[in-house]
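The values are calculated or read from the model by the stated rules, or taken from the named source; none is laboratory data. Given the structure is predicted, the values throughout are model-derived calculations rather than measurements. Note that we place each Cβ from the backbone using ideal geometry, even for glycine, and neighbour counts take in every protein chain shown. Accessible surface areas use protein heavy atoms only, side chains included; no ligands, DNA or RNA. Shrake-Rupley method; radii C 1.70, N 1.55, O 1.52, S 1.80 Å.
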Amino acid sequence: MRKVVVCICLAVCMSVWAQKRDRFEFQRNLPVYADSLIADLTFPLAWGNSEIKDFNEWRKVARQKVFDCMLTPPPPAAEMGMTIVAEEQRDGYKARKIEIKLSKYYTVPALVLIPDGKGPFPAVNALHDHGAHLFIGKEKMIRPFAEDSTVINDADEWVASLYEGQYLGDFLAKNGYVVFSADAPMWGERGQKEGALRDKYDMIAGNMMMYGIDLSAYMTYDDISGTEFLATMPEVDASRIGCVGCSMGAYRAWMLSALSDRIKVGAAVCWMVTTDEQMSFKYKRTENGGFANCFPGLRRWLDYPHVASLACPKPMLFINGSQDKLFPVAGVEKAFATMHNTWKSQNADQNLDTEIWDIPHSCGLRAQQKVLEFFKKHL
C-alpha cells in the first residue's frame, strides 16, 4: 500500500512540475530581460573606459576591484608545509603525490612532477578542467599513481576524450618543467562525501555564499596560493613560473595570470568570450557559465577580456575552437580584439598570441605542442 501511495505522489508531483503558467520571467535559465541587462553593462573600470590613464595605476585599482568581488579570502595557514604521500620514478622525471595546507581551513592534495637532472627548473601550474566531471581533478593533468584502478581508468578515459590521450602535465615534465596540479574545491579528493554529482555544485556554491564566501573565488585563491608554494620548491626557478589549462582550466589560467605576479607566462585553451555573447539568447545553450566562474558584481565593472588584460604585458597564449559550442566565435573574436587593444597600448602586442583553430572544445596533441613551444620561447 505504501508503494502505491508513493507512486501516486510522484505522479502528481511530476504532473505539477510539467505544468506551465501563461506568464513567466525566466526562460532557458536566463531572465527574459537578458538583452536589457547586457545593454546596461558599460564596464566602467575597463582599460580605455576608466578615467585612470596610467596603466600601472589602472591595473592596481582594477585588480583590487576583482579581489573585492571575490568576497572574503580563505585565511592563510600558519605554515603551508608539505607532506609527501607517495613517490615514483617515471620516464625522465619523478612523480610525487603530496599534501599542502593552502588555508587554515583545509589541506589540499596535489601532484608534482620533477624532471631528472640538476635544477632549478622552470615550472608550470597545470590547472584542470570542469567538464561536468568532478570525480577527478588533478588527475586530468597528471597521470595518477597506481594505487587506485578506478581513478586510473577514469583519468585515462577522460584524457583520451579531451586531450587525445596525452597527460599535459607529464608531457611538460618530459620536456624539462616542474609541474604542479592540485584539486580545485569540489573536484577529486576535495569533492562531496555523497559522491561527485554535478548538480550539487551549484547548491553548495550557493550555500557557501551564505557564509560570505564565493566557491569560484576560493578556487582562484587556491591557485594563487598553490603558485606561491611552487615558488618555494628548491627544484623550481621562482622567476620562471607559468600556468596552463583547458576549458575551466583555461579560465583559471588567465585569472591566475591576471592576479598573481608570480606567473610570468600563461596559456589558455578553450575559454574566452565576452558577456554579451555568453549570456544572451542567441545560442541554444542550457548553461552559460554558472557558479564555476562567478564573482558577485564583477560584470558591472569588467568583462572577461578586461580581467584577462590585467596580465598585460605578460606573454599570453589563447587558443579557441571554431567548433566549440560553449564559446561562440563572435564573442571570442571580440574578446581577442579587446585584449590586443590593451597589449598594443603598452607596446607589448608581440607578447599576446590569440588563435582560433578548426577544433571542438578540446586540448589535443597539436594544442599541447603549441603550449610547449610558447613556454620554451617565453619561459
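Which of Leu310, Leu71, Leu215 ends up with the largest GNM mean-square fluctuation for the chain, with Cα atoms connected below 10 Å?
Looking only at Leu310, Leu71, Leu215, the largest GNM fluctuation is found for Leu71.
With the Cα gyration tensor of segment 48-192 in hand, convert its eigenvalues to equivalent ellipsoid semi-axes via √(5λ) and list them largest first in whole Å.
Each semi-axis is √(5λ); the values are 31, 19, 18 Å.
Residues with amide H under 5 Å of Asp214's amide H, sequence separation 5 or more or different chain, H placed in the peptide plane at 1.01 Å from N; which?
For Asp214, the qualifying residues are Thr72.
Regarding the chain, what is the average projected area of its C-alpha convex hull, in nm²?
In nm², the orientation-averaged hull projection of the chain is 21.7.
Report the extension gain between Gln166 and Leu41 in nm, rounded to one decimal, defined as 0.36 nm multiplied by the number of residues separating them, less their alpha carbon distance.
40.9 nm
Grab the other residues whose beta carbon is less than 13 angstrom from that of Asn56, score K and R as +1, D and E as -1, and report the net.
+1
From largest accessible area down, sort Trp301, Trp254; use a 1.4 Å probe on the protein chains.
Trp301, Trp254
Would you mind getting the accessible area per residue of segment 183-265, heavy atoms of the protein chains only, 1.4 Å probe, in Å²?
35 Å²
Accessible area per residue of segment 37-96 at 1.4 Å probe, in Å²?
60 Å²
Just want to confirm a number: the relative contact order over the chain, from Cα pairs under 8 angstrom separated by 6+ residues, in percent.
Result for the chain is 18 percent.
Give me Rg over Rh for segment 237-348, both radii from the alpha carbons and Rh done the Kirkwood way, two decimal places.
In segment 237-348, Rg relative to Rh is 0.96.
Suppose only helical runs count, i.e. DSSP H with n ≥ 4. What mean residue ellipticity at 222 nm does that imply for the chain under -39500 (n - 2.57) per run, divided by all residues and rounded to the nearest 500 deg cm²/dmol?
Using -39500 (n - 2.57) per qualifying helix, the result is -11500 deg cm²/dmol.
In the Gaussian network model of the chain, springs joining C-alpha atoms below 10 Å, which of Val332, Val151, Val124 carries the largest mean-square fluctuation?
Val151
If you rank Asp202, Asp116 by how much accessible surface each has, with a 1.4 Å probe, what is the order from largest down?
Accessible-area ranking of Asp202, Asp116, largest first: Asp116, Asp202.
Would you grab the residues whose amide H sits under 5 Å from the one on Val85? Only those 5+ places off in sequence or on another chain, please, with H modelled 1.01 Å from N.
Lys97, Ile98, Glu99
Provide the three semi-axes, in whole Å and in decreasing order, of the ellipsoid equivalent to segment 146-245 as defined by the square roots of 5 times the Cα gyration tensor eigenvalues.
27, 22, 11
Sticking with the crude label model, points 7 Å out along Cα→Cβ, report the distance from Lys20 to Leu365 in nm, one decimal please.
Roughly 4.8 nm, to one decimal.
Going highest first, how would you order 338-349, 256-267 by mean Cβ packing within 10 Å?
Ranked from most to least packed, the peptides come out as 256-267, 338-349.
Hey, got the dipole for segment 101-258? About the Cα centre, +1 on K and R Cβ, -1 on D and E Cβ, debye to the nearest 20?
Taking the Cα centre of segment 101-258 as origin, the dipole is about 380 debye.
Mean Kyte-Doolittle of at least 0.5 plus a Cα span of 15 Å or more along the axis: flag which DSSP H helices in the chain meet both, please.
Helices meeting the span and hydropathy rule in the chain are 2-18, 248-259.
Using a Gaussian network model of the chain with C-alpha springs under 10 Å, which one of Lys174, Lys282, Lys97 is most mobile by mean-square fluctuation?
Lys282
Below 8 Å, C-alpha to C-alpha, sequence gap of six or more: please give me the relative contact order for segment 28-174 in percent.
14 percent
Please go through the residue pairs Lys200/Lys377; Lys138/Lys376; Lys94/Lys377 and name each one whose alpha carbons sit more than 31 Å apart in this structure.
Violating the 31 Å Cα-Cα cut-off are Lys200/Lys377.
Please list 3J(HN,Hα) in residue order for segment 20-37, calculated via the Karplus relation 6.51 cos²θ - 1.76 cosθ + 1.60 where θ = phi - 60°; whole Hz, with x for glycine and proline.
Couplings: 10, 8, 5, 10, 7, 10, 10, 8, 6, 6, 10, x, 5, 9, 4, 4, 5, 4 Hz.
When only the heavy atoms of the protein chains count and the probe is 1.4 Å, how do Phe374, Phe291 rank by accessible area, highest first?
Phe291, Phe374
Please report the carbon-and-sulfur percent of the accessible area for the chain; probe 1.4 Å, protein heavy atoms only, DNA, RNA and ligands left out.
The computed percentage sits at 54.
Lys/Arg Cβ at +1, Asp/Glu Cβ at -1, dipole of segment 59-101 taken about the Cα centre: which of Tyr93, Gly81, Leu71 is farthest positive-ward?
Toward the positive end, the furthest listed residue is Leu71.
Using 0.36 nm per residue, how much length does the chain from Phe135 to Lys118 gain when fully extended, once their Cα-Cα distance is taken away?
In short, 2.6 nm is gained.
FRET efficiency for Ala78 and Leu30, Cβ-Cβ distance as r, R0 = 56 Å, nearest 0.05?
Plugging the Cβ-Cβ distance into 1/(1 + (r/R0)^6) gives 0.80.
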